[in-house]
Amino acid sequence: MTTGQTIPLGQLERVEVRRVETGQADRLRFLADHGLVPGAAVVVLDRQPFGGPMRVSASGREQLLGAELAGVLLCARAEAR
């Protein structure tokens with residue numbers, strides 16, 4: 001992982017979640033239940049236009065995330081392996 005700037009999830013393809021920028025317990029619980037926590041590797045598989053949902057793969061499963069929820073996941077570009 002690089003140690004630079006964090007970027008909202010939807011702007012990258014292969015990322016590591018660095019920070020979750022919300023204090024709302026229900027959102028934190030939902031993200032944790034879906035493996036979207038700091039340190040998690042995430043791949044953005046598809047994005048719908050105009051602020052629509054994105055399909056991601058994290059913790060071995062695919063899921064849909066709305067733009068608002070994805071926006072609280074601050075991520076850094078994953079290093080090539």
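Throughout, read-outs are computed from the coordinates displayed, never taken from laboratory work. Nothing here was measured: the structure is a model prediction, and the numbers come from that model. With ideal geometry, Cβ positions are generated from the backbone for all residues, glycine too; neighbour counts draw on all protein chains shown.
Residue separation times 0.36 nm, minus the C-alpha to C-alpha distance between Glu79 and Arg27: what's the value? Working shown, then result.
Details: separation 52, 0.36 × 52 = 18.72 nm, distance 2.77 nm.
Difference between extended and current length: 16.0 nm.
Roughly how many nanometres apart are two label points built 7 Å out from the Cα toward the Cβ at Gln48 and Glu62?
1.5 nm
Could you derive backbone 3J(HN,Hα) for segment 54-67 from the dihedral phi with the Karplus parameters 6.51, -1.76 and 1.60 (θ = phi - 60°), listing whole Hz in sequence and x where the residue is Gly or Pro?
Each residue of segment 54-67 in turn: 10, 9, 10, 10, 8, 6, x, 9, 8, 7, 9, 10, x, 4 Hz.
Would you mind checking which residues have amide H under 5 Å from Ser59's amide H? H placed 1.01 Å from N; only 5 or more apart, or other chain.
Ala41
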